[in-house]
């Protein structure tokens with residue numbers, strides 16, 4: 001009887017030891033699996049970037065004049081001034097994109113859309129006037145100065161950071177929209193002319209500069225009226241892959257680093 005009790009106790013002890021030994025093994029297995037999953041995710045992310053880099057237009061370069069990056073975090077030199085030409089509504093644009101704009105405008109007319117060129121090139125002085133005026137309007141509406149400035153930054157950049165300084169940015173709506181008393185408003189996306197502009201923009205080298213759901217990347221809220229010239233090949237790649245200009249520039253930068 002004592003022998004059976006001793007044997008039973010030994011079995012229990014061995015079983016307990018087995019459970020205790022299995023616990024760290026199971027934990028180690030879980031840790032390895034988690035590490036493997038993390039590495040796989042990191043590898044997948046890197047692979048996506050590498051795949052995108054492989055697809056980039058061969059001729060695209062960070063030095064291209066039509067890829068200059070300007071925005072809340074990227075200032076343009078105050079003495080920067082492109083060669084300008086006057087187009088519709090006494091607006092000015094970079095002379096190098098005049099033919100592209102004119103072709104787009106004529107195509108719009110043929111499609112039944114009379115476009116209204118609301119804003120093109122803006123000098124530093126004009127940027128200051130626009131920004132200060134908007135801030136003052138916000139203050140008059142009851143905001144503190146700090147709140148007024150932050151509100152203004154939702155759709156305007158501080159002077160020196162405006163894309164309009166490049167002469168490559170165009171604010172476009174249609175004449176009917178203006179006649180009805182509307183302005184540069186997100187609701188413009190409901191108009192047939194805006195849909196046509198988005199559908200045809202890459203054919204003429206333009207992109208929607210501040211697309212929806214890219215606010216964290218661009219630093220600017222969605223603007224369905226703000227178009228930017230980048231060239232046909234660049235525009236097609238950006239739109240086909242649903243990128244913001246900042247993301248496209250990041251990919252070109254990565255390619256240059258990989259090729260060093």
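The values are calculated or read from the model by the stated rules, or taken from the named source; none is laboratory data. Owing to the predicted nature of the structure, the values given are computational and were not obtained by experimental measurement. Neighbour counts run over all protein chains shown; Cβ positions are idealised from the backbone, glycine included.
Assorted remarks:
To keep it simple, each residue is scored yes or no on (1) within 21 Å of the chain's Cα centre (by Cα); (2) at pLDDT below 75; (3) outside the structural domain of residue 207 (by TED's automatic domain parsing); (4) surrounded by 15 or more Cβ atoms within 10 Å (Cβ to Cβ).
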position: 28; (1), (2), (3), (4): no, yes, yes, no
position: 31; (1), (2), (3), (4): no, yes, yes, no
position: 37; (1), (2), (3), (4): no, yes, yes, no
position: 43; (1), (2), (3), (4): no, yes, yes, no
position: 51; (1), (2), (3), (4): yes, no, yes, no
position: 73; (1), (2), (3), (4): yes, no, no, no
position: 88; (1), (2), (3), (4): no, no, no, yes
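- Within region 93-109, residues that are assigned by TED's automatic domain parsing to the domain that holds residue 83 sit with their Cβ atoms under 6 Å from residues that are part of a helix (DSSP H, G or I), at 6+ positions apart or across chains, in these pairs: 100/204; 103/204; 104/204.
- Count of region 77-90 residues which are touching a residue at least 60 places away in the same chain (Cβ under 8 Å) and either assigned to a strand (DSSP E or B) or closer than 19 Å to residue 224 by Cα (or both): 1
- Restricting 229, 210 to those that are assigned by TED's automatic domain parsing to the domain that holds residue 107 and either modelled with pLDDT under 95 or more than 17 Å from residue 104 (Cβ to Cβ) (or both) reduces the list to 210.
- The number of residues in region 112-135 being surrounded by 13 or more Cβ atoms within 10 Å (Cβ to Cβ), out of contact with any strand residue (DSSP E or B) (no Cβ under 7 Å at 6 or more places or on another chain) and not in a helix (DSSP H, G or I) comes to 2.
- Residues satisfying the stated conditions in region 158-176, i.e. closer than 22 Å to residue 111 by Cα and out of contact with any strand residue (DSSP E or B) (no Cβ under 7 Å at 6 or more places or on another chain): 176
- Residues located in region 221-237, provided they are touching a helix residue (DSSP H, G or I) at 6+ places or on another chain (Cβ under 7 Å) and under 22 Å from residue 184 (Cβ atoms): 221, 222, 224, 225, 227, 228, 229, 230, 235
- Filter pass, residue 93 being within 25 Å of residue 219 (Cβ to Cβ) and part of a strand (DSSP E or B): yes
- Residues being touching a residue at least 40 places away in the same chain (Cβ under 8 Å), under 18 Å from residue 60 (Cβ atoms), more than 19 Å from the chain's Cα centre (by Cα) and in a helix (DSSP H, G or I) are entirely absent from region 238-249.
- Failed item in (1) without any contact (Cβ under 8 Å) to a residue 60 or more places away in the chain; (2) part of a helix (DSSP H, G or I), with residue 182 passing the rest: (2)
- Scanning region 188-213 for residues that are closer than 11 Å to residue 228 by Cα, without any contact (Cβ under 8 Å) to a residue 40 or more places away in the chain and assigned to a helix (DSSP H, G or I) yields a single hit, 202.
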